[in-house]
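To start, the structure itself, in structure tokens.
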């Protein structure tokens, strides 16, 4: 019998980090006949339950926010078709959110947890490129965005704009080890997902107690890896893509079939994708160096390949 919204929670959670391979793992698990994942890739319920998912300030992706589930009944409804299959929730915001680990533990104390980590310097820049690609970043350079990061986050910008801040993983993963036993938590690293996907997939199956099957979809781990260009006029692109007067005017004046073509014209010629400066990478690496050995001890990972 399907559980009601009052007592339903999935069996397992892939909690992040963002830009560390959660999309690939989603597709891997979605292909397994014993697993059910909702069509909404990132429900994010345990981060936003009972509140608004719209940031107080700064640009955001309205399509992404629209899919976030904030009430219990709607969240349970995502799993109505699960039947006897193992249910999961893959929401990278859960690693960043201050209260998600505790909320998950209260709702599902026997949950299996999967944490994905990535070199924090690479992760930060990948998130920045993602935002530049989608016209969600107002700063022209990564350095400028990092300089403004602390003020932005205090002002209510989305968690995704915490490029450097959210690469400080120790406190994030400690929240999960504080409320779940070590046996309930599997920690994998982004480079291993790329170089040894079959091995990582086997470990995931073993952790979730499901029969290993072949990797039906060995998709690229990160969509920004092969990005070659971004909008030439990001400010205009942002106003055209996201809620506001410019988007409303475009919808009112331009037929739906012509909007995408007209939008590309207004955005202007594409420009090369930003490149991570060596001095910026070194500066950020110093910021993370002190906690790396502690993360290794806690997770059992070897992270010597992270930027040093």
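If each residue of separation counts as 0.36 nm, what is the full-extension length gain between residue 194 and residue 293 once their alpha-carbon separation is subtracted?
This chain segment gains 33.4 nm when fully extended.
What's the extension gain from residue 51 to residue 213 if we count 0.36 nm per residue and subtract their Cα-Cα distance?
Taking 0.36 nm per residue and subtracting the Cα distance, the gain is 54.4 nm.
Measure off 7 Å from each Cα along the Cα-to-Cβ vector at residue 168 and residue 73, then give the distance between these two points in nanometres to one decimal.
The two pseudo-label positions are separated by 4.1 nm.
For residue 81 and residue 282, calculate 0.36 nm times their separation in residues minus their Cα-Cα distance, and state this gained length in nm to one decimal.
Here the answer is 67.5 nm.
Laboratory data are not the source of any read-out in this text; all were calculated from the coordinates shown. Since this is a predicted model, take the numbers as computed values, not measurements. No Cβ is skipped: glycine too gets one built from the backbone with ideal geometry, and neighbour counts run over all protein chains shown.
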